[in-house]
Amino acid sequence: MLAFRPLALSIALVLLAACDAEGAAAERDGGMDAGATRDAGGRPPPVDGGGACVPPAAPSVHEGCNPENGFECDGDYDARCNPACPDTHCCSPQEGRFQCVPRDESGDCPAADLWVDDARIAPYFEYRYIGPSDCALVEGCVVAPGMRRLLRFDAWTPNTGGADMYLGVPTASSPNFEYSSCHRHYHFETYAAYELLDAEDDCVVAEGHKQAFCLLDYYTYPCDEDDTNPDPDVPDCRRLSGYTCLNQGIRRGAQDVYEADIDCQWVDVTGLPPGDYRLRVRINTDHLLRESDYGNNEVTVPVTIPEDPGPPPTDISTPCEDETLGLDRTCGFTRSYDGECEPGTTVTLGCSATCGYGECSGDTILMVCETALGSSCTSAAAIATNDASGCGAGACRGGADCCSSATFECPTTGSYTVWTGPRDTSRNATCEIALAP
């Protein structure tokens, strides 16, 4: 996903242990093994690789929302329209504002209609190192730290109904929003659920998680795969400026998008055997949000897990064969500093004399990783990365400080390593790391 929209998510991700299918069906409640020992977050203990698959339990569904949830369950926000609407009309959220619109022949107000665009899911596999302090582990997106094999995919959810899907401003008192202290914003609970199913027995082999979304207007709908459209009657994929994380919803004619590269937009398939599976994606899982049609809230797509080749070998200390730029490369770094700290404390370091700690020459970059990761440190696995310190005037780019600095939370292991290098491998740069006073 995009950097401006961190994924913060209240998630329970479990790879289910082997169990007898008949016993599991009797024990499961709401998709969880009721007989298993729970951890502090209420999740059963995870097991890498799964085992015999578990028959999927019917989700706990409440048809329509409850007024106590803070939503107008009949779709009439009568207090929001001034002057008040006549009895023949509803005060309905329409294109980002409340308007009086006619009721239908049954006297009902228009409703949103959310659905999952299965053509956009496009699953693929990726290895990612998850450290003990990584938000993805803290919020249950993986079952254990270390190198994980992830099934990543997009989730595009258009609203093609007759009204906006309106949630409003999230608050701490709302039972439907959870504040992520790790990612520092609110998410709507029970919006999406991901599961990997066995292709033959239609049972769950890797139960993903209930993905909490920050619902917003991301793109118009429809739009083509290249984000442009030659048809003048069909809108392009234009970014919208309507609902946001601070005032949540999805306008009719718009869609929310959680792209595959967002944190936690995956199912952890570490240890699963190769073969054919199906990925199931469900949205509005408890029907807390009023829709005109709940029948299109679930899709499944085929997925084949290939033989596990293991993560590609990485040694960022090797010289780069070609000139390259930036933090995403996997070569041309130097191990510059090994530090120890009290887990959970804040560490600030760098090689910027302008900041008041360290020295540098040229244009530098740095990455901080847990020491145990060694030379497999990459920007995706890093605790912190930095290109320029931002401390003010310096020695390059017409006076900007191009030396590096980073502030991060000490990992639970209490040890870290700083890797540095030139931003441009065709140029020389040095970075002498020091801690901030």
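The values are calculated or read from the model by the stated rules, or taken from the named source; none is laboratory data. Not measured: the values here are computed from a predicted model. Don't worry about glycine lacking a Cβ; one is built from the backbone with ideal geometry, like all the others, and counts go over all protein chains shown.
Values for this structure:
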read-out: Any strands (runs of 3 or more DSSP E) falling wholly within the range 81-156 and containing at least 2 residues that are surrounded by fewer than 17 Cβ atoms within 10 Å (Cβ to Cβ) and not hydroxyl-bearing (Ser, Thr, Tyr); value: 97-102, 124-130, 146-152
read-out: Residue in the range 229-241 that is modelled with pLDDT of 90 or more and closer than 29 Å to Ser379 by Cβ present; value: no
read-out: Within the range 157-193, tally of residues that are buried (at least 17 other Cβ atoms within 10 Å of the Cβ) and β-branched (Val, Ile, Thr); value: 3
read-out: The range 87-100 residues that are among the β-branched types (Val, Ile, Thr), paired with ones that are assigned to a strand (DSSP E or B) (beta carbon under 7 Å, 6 or more apart); value: Thr88/Pro102
read-out: Some residue of the range 79-98 being outside the structural domain of Thr157 (by TED's automatic domain parsing), basic (Lys, Arg) and in contact with a strand residue (DSSP E or B) (Cβ under 6 Å, 6 or more places away or on another chain); value: yes
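For every residue, the table says whether it meets (1) surrounded by 14 or more Cβ atoms within 10 Å (Cβ to Cβ); (2) modelled with pLDDT under 90; (3) under 19 Å from the mean Cα position of the chain (by Cα).
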position: Arg251; (1), (2), (3): yes, no, no
position: Asp256; (1), (2), (3): yes, no, yes
position: Cys264; (1), (2), (3): yes, yes, yes
position: Val269; (1), (2), (3): yes, no, yes
position: Thr285; (1), (2), (3): yes, yes, yes
position: Arg290; (1), (2), (3): yes, no, no
position: Ser317; (1), (2), (3): yes, no, no
position: Cys320; (1), (2), (3): yes, no, no
